[in-house]
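Since every read-out is calculated from the coordinates, none of them should be taken as a lab result. Computed from a predicted structure; not experimentally measured. Here Cβ is always computed from backbone atoms with ideal geometry, including for glycine, and neighbour counts include all displayed protein chains.
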Amino acid sequence: MIFIPFELATILSGTESASLWGLVCSVGVLVGFAAWWNCCLRKDIQRQTRRLEDSLAAEHGLRERYRELFENASDVILQTNLDGRLVGANHAAEKLLGQVGVPLLGQFIEELFLSEDMGWYFDLLDETRTRRTVRVEREVMSMAGEAITLELNCRILTNNGFETGLQAIGRDITERIRLQEEMKRARLSAESNALAKSIFLANMSHEIRTPMNGILGMTRLLMETSLDIDQRDQAQTIQHSAESLLTILNDILDLSRIEAGKLELAKESFDLPGVFEEVMELLAPIARTKDREFVFDFAPGLPTQFLGDAGRLRQVVLNLVGNALKFTESGFIETRVSGNRNELFCDLLIEIEDSGIGMTNAQAARMFQPFEQAEPGTQRQFGGTGLGLALSKKIVDAMGGQIGVRSTPGAGSVFWFIMRIQEDRRAGTVFVPRLSGLKVSCDLQGRRLGRVLANWLTVHGAMLTSDQPDVWLTDTPSIPSATPPGARRILLSRDPSPTVGTEAERLGFRAWLRQPIRQRELLEALTTLRAVGADSFLSPGRLRRQEEIVPFAATLGGLRVLLAEDNKVNQKVVAGILKRTGCHFEIAENGAVAVAALERGHFDVVLMDCHMPVMDGYTAARRIRESPSPLCLMPIVALTAGALAEDRLRCAEAGMGQFLAKPFRAEDLINLLQAIHEAPKGIAAPR
């Protein structure tokens, strides 16, 4: 039975029964909904409470982890208020900076650091506000009484958007600073040692080159006199020995210059096959002393004109080919140039193959190290210093290339290097041989030479056949009875003597060429012989043997030369050269005498040594350039034993317009004087 209050029952007593129960049900629904809503609110409050508790627990955990990290960090952590007083410091800070009986917190931060710059904290605070993070280095005195350098990483501390202070995390970099100082001292010491070595090498170069100039110069003058066969052979031996010594000296200087990072590579137009052919011709006399086939193969189709340092490239090739000759008693030495051509560059592969003694892999790995030889007895047996290959590697590396060797003991070696070099598209028209359909017979004892020539000829359209050939190539001076009738005969002689050409012409040859064969020379000879009316006898472009000495021509008559030189031997050398040119010359033993001679006499050019007593050449050259008279325009040629780039620059700065390093070739001095003699005179010589 449902309890209804008396008042409600009285009110409802007059209503109908259905309306009464509808009202009761509505009230019940409202009460039930209110109860359900209350339950939902209670559950939501419980969920929010749990979330808040979880958040508080997580925050507490984070605070604990932060506190653990703060306290256990190996780096020093300091926190200050805006006044610079410490409000926080971790265990590492207390261990490093704390003092017995003195609390760290509350101290002014500047009192902990060794600095005479008072107020630096507030400057740091302002800088940190601007840059957000700042890194500084400060010294502190540890509890052990040691000065320690801390690297401080600083940032601003905030609370609810308001600045509260500064936090600095410091790391001990004392050891790093010490190592940096040691490295700095080591670098300065190395630079000092390098400078001392450069000065020593420059001085030694000067001291060695001065007598070398006398040896080579006087030997050259001696070989122009009347000598019998034995005397000439002895003079040539002196000359070759002196040149070998000079090569060693130049290698040492070049190696030192490269190690010091002072190697400068030229970028000039040059003929690539010409570089190799010059080296082959230079070394050909050595190759002829023994039974060795000496061959050069330049791949047809490659361009010939390039931009680069021909002198350095020649130096590498000379070292590698000379090395192959040294270790090859018999067999062959073949130099090959091949490559791939692209838009502007060519990737070249240069190989020097020999049939010499070869080497093991362990020996090959040491070949490009300075002063290294394959075996301890190699130097005694074959000679050499072990510098050539090391220098070649450094030059190739400087050119951006690679160098290496493949070798088998007892079966020879292949030294190779690759390089990318820019083609000179400005070069003139390329020679195109007209050999299409030409029948050529190659009757050669040299197997490798025959293979190389066959490749050259077939690429340009010639046909190799022994059936009624148009041209017959042979390396044997005699003509066998089986020679095809009507064939134009060409002799490819290993003997460079001009008398070979005379005998070949008498025997009916139409041309003769010296080995090693130049590709361009052979193709031009074949093209010319094929032309209509080409009946003259063709001979090499240069008939003079390398060993022959041609006397100087008297071409400098009327030239007035002043030689400033204190060394008596070098005076004799230069005087001997000048006498043979027909010029007038005088000698001054130092710079002061030279300047006085110029002021009272009249000369067209001064040959100025740089190192002289009383007044050196640099001072004398400056005095001449500073003269108010027309003397200031006098051509001055530096003749100095200093061969480094610094020496050349110093001479130029002193006013010397031309430079010749001792020992110099007589031809170089004569050609230079000839150019000065023929140049238009800008002023009248002072009288």
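The relative contact order of segment 439-530, computed from alpha carbon pairs under 8 Å that lie at least 6 residues apart in sequence, is 24 percent. Each of the peptides 84-91, 617-624 was scored by the mean count of other Cβ atoms within 10 Å over its residues; in descending order, highest first, they stand as 617-624, 84-91. With the simple model of a label 7 Å out from the Cα in the direction of the Cβ, Glu146 to Asp123 spans 2.9 nm. In terms of its C-alpha gyration tensor, segment 283-324 comes out oblate, because a/c is 1.5 or above while a/b does not outweigh b/c. Considering only alpha-carbon pairs that sit under 8 angstrom and 6 or more positions apart, the relative contact order computed for segment 560-678 is 22 percent.
Check Asn590: other-chain or 5+ apart residues with amide H under 5 Å from its amide H, H built from backbone geometry? Sorted by chain and number, the residues that satisfy this are Glu565. For Gly165, the residues whose modelled amide H falls within less than 5 Å of its own, excluding neighbours fewer than 5 places apart on the same chain, are Leu157. Under 17 Å of direct C-alpha separation, and excluding same-chain neighbours fewer than eight residues apart, Lys439 reaches these aspartates and glutamates: Asp467, Asp470, Glu524.
When Thr640, Thr158 are ordered from fewest to most other Cβ atoms inside 10 Å of their Cβ, what list results?
On the way: Thr640 24, Thr158 10.
Lowest count first: Thr158, Thr640.
With the simple model of a label 7 Å out from the Cα in the direction of the Cβ, Arg447 to Leu20 spans 13.8 nm. Summarised as an ellipsoid, segment 268-423 has semi-axes of 26, 17, 14 Å, derived from the eigenvalues of the Cα gyration tensor scaled by 5 and square-rooted, with the largest first.
How much FRET efficiency would the formula 1/(1 + (r/R0)^6) give for Met463 and Arg665, where r is the Cβ-Cβ distance and R0 is 56 Å, rounded to 0.05?
On the way: r = 46 Å, r/R0 = 0.82.
Step by step, r from the Cβ atoms, then E = 0.75.
Label segment 585-687 by shape, choosing from rounded, prolate and oblate, from the square roots a ≥ b ≥ c of the eigenvalues of the Cα gyration tensor; if a/c is under 1.5 it is rounded, and otherwise prolate applies when a/b is larger than b/c, oblate when it is not. Taking the square roots of the gyration eigenvalues as a ≥ b ≥ c, segment 585-687 is oblate. Each residue in Lys393, Lys290 was given a count of other beta-carbon atoms within 10 angstrom of its own, and listing them fewest first yields Lys290, Lys393. Amide H contacts of Arg488: Val471, Trp472, each under 5 Å away and 5 or more positions distant or on a separate chain (H built 1.01 Å from N in the peptide plane; Pro and chain starts excluded).
Between His91 and Thr130, what is the FRET efficiency for a Förster distance of 35 Å, r being their Cβ-Cβ separation, to the nearest 0.05?
Given R0 = 35 Å and the Cβ-Cβ separation, E is 0.65.
Give the order of Arg314, Arg132 when sorted by the count of other beta carbons within 10 angstrom, beginning with the fewest. Let's see the in-between values first.
On the way: Arg314 17, Arg132 10.
Neighbour counts put them in this order, fewest first: Arg132, Arg314.
Seen from Val614, the other residues with C-beta closer than 11 Å to its C-beta sum to a net charge of -3, counting Lys and Arg as +1 and Asp and Glu as -1. A Förster distance of 41 Å, applied to the separation of the beta-carbon atoms of Leu30 and Phe162, puts the FRET efficiency at 0.20.
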